[in-house]
1. Every residue in the stretch 173-197 that is without any contact (Cβ under 8 Å) to a residue 24 or more places away in the chain, assigned to a loop (DSSP other than H, G, I, E, B) and of a type outside the set (S, T, N, Q), please.
2. Just to verify a result, which residue in the stretch 198-232, among those that are assigned to a helix (DSSP H, G or I) and polar (S, T, N, Q), is farthest from G9 (Cα to Cα)?
3. Out of the stretch 60-70, which residues are closer than 22 Å to F32 by Cα and either at pLDDT 90 or above or β-branched (V, I, T) (or both)?
4. Please tell me if A87 is closer than 21 Å to P159 by Cβ and buried (at least 17 other Cβ atoms within 10 Å of the Cβ).
5. State which residue is farthest from K11 (Cα to Cα) when the search covers only the stretch 276-291 and only residues that are surrounded by fewer than 18 Cβ atoms within 10 Å (Cβ to Cβ) and among the charged types (D, E, K, R).
6. Could you say which residue among E145, E129 is more than 26 Å from I60 (Cβ to Cβ), over 19 Å from the mean Cα position of the chain (by Cα) and not β-branched (V, I, T)?
7. Please verify whether E100 is among the charged types (D, E, K, R), crowded, with 16+ Cβ neighbours inside 10 Å, in the same structural domain as R49 (by TED's automatic domain parsing) and more than 20 Å from K279 (Cα to Cα), treating the condition exactly as stated.
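The values are calculated or read from the model by the stated rules, or taken from the named source; none is laboratory data. Not measured: the values here are computed from a predicted model. Note: ideal-geometry Cβ built from the backbone for every residue, glycine included; neighbour counts use all protein chains shown.
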Amino acid sequence: MILAGDVGGTKCNLALFSESGGKLNLVYSHRFASKEFGKFDLIVKEFTRLAAPHLVNDKIYAAGFGIAGPVIHGQVRATNLPWIVEAAQLKEQIQVEQIELMNDLGAWGHSLQHLAPEDFCILNPGKPEHGGTRALLAAGTGLGESILVWNNCRYHVVPSEGGHSDFAPHSEQQIELLRFMRRRYPQVSWELILSGRGFRTIHEFLSPNIRHASFEDPDSDPAPEITRNGLNKSCRTCADTLDLWTSIYGAEAGNLALKVLALGGVYVAGGIAVKILEKIKDGAFAAAFKDKWHFEGMLSNIPVSVVLNETAPLLGAAYEAYAALAK
């Protein structure tokens, strides 16, 4: 059996996979609310308790965890949680010698070759170059970015913390948004906008006097209400918020494509893109992606796809743990 985890600031998905002929099959999975646990070890302990009936006489041979945060010397300090996850500690707790810790975008990246065609929504078919570098970004609780480089055998995932680099406004309106946010934050990163929290920030920037029910509850996340109102056009400010957010997302996807010369394609992952897929597909994202002056023609030829399978990081983490067994 292979244990895999997709560890984010909002939720943690853990799963058991069995192996047959080199293919991994899901046996059991469970979702946990991240903030209900003081540390990741407690989630793993609870999962192993719940999963015990599915193990029967089998055992866990390897485990892989994709975690939102940089992996340094077998340790991850989670970006959006007060957690430190250590491979050595997990080995001792679950009695598994092979533990693979990876950035959450690494887990997404390792999944791409194992997904079915129906797991992708193609925004631009483009003309992919065989073995060309790929770019991956995912907006959710935070913004993850990663690079996939071909090594003549398979794609190797290069981790990045590009979501925390400085936001670069693309229009006069976005320059004003930057000024608005600089009054609140010491640094305005892409993640502050291209994440769930960014929807309320943009809404308050556009119309500070318009508020919704979810704004009044400090424990509530306004993003679902804003995106829902924006998609059904019931609130003009929400619709404008969605427009601006999507354009900024497309612009940063284009930036990443240029920085790594992603001739193998750009993949948009994370929970937000799937939830607002109709908006992502309406052309605003693609227009902002290509709007790079002399490089519009090149970017028009780069394939762009949305990853629809939100359990993909579990699969990627599991396959990376499985691959480690053969090393």
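1. First, the residues of the stretch 173-197 that are without any contact (Cβ under 8 Å) to a residue 24 or more places away in the chain: 175, 178-179, 182-188.
This time we only want the ones that are assigned to a loop (DSSP other than H, G, I, E, B), so: 183-188.
Residues satisfying the conditions are R183, R184, Y185, P186, V188.
2. This residue is N232.
3. Just the residues of the stretch 60-70 that are closer than 22 Å to F32 by Cα, to begin with: 60, 62-70.
Correct list: I60, A62, A63, G64, F65, G66, I67.
4. Judged against the criteria, A87 is a match.
5. Applying the filter and picking the extreme gives D291.
6. Going through E145, E129 in turn, the sole match is E129.
7. Spelling it out, E100 is indeed among the charged types (D, E, K, R), crowded, with 16+ Cβ neighbours inside 10 Å, in the same structural domain as R49 (by TED's automatic domain parsing) and more than 20 Å from K279 (Cα to Cα).
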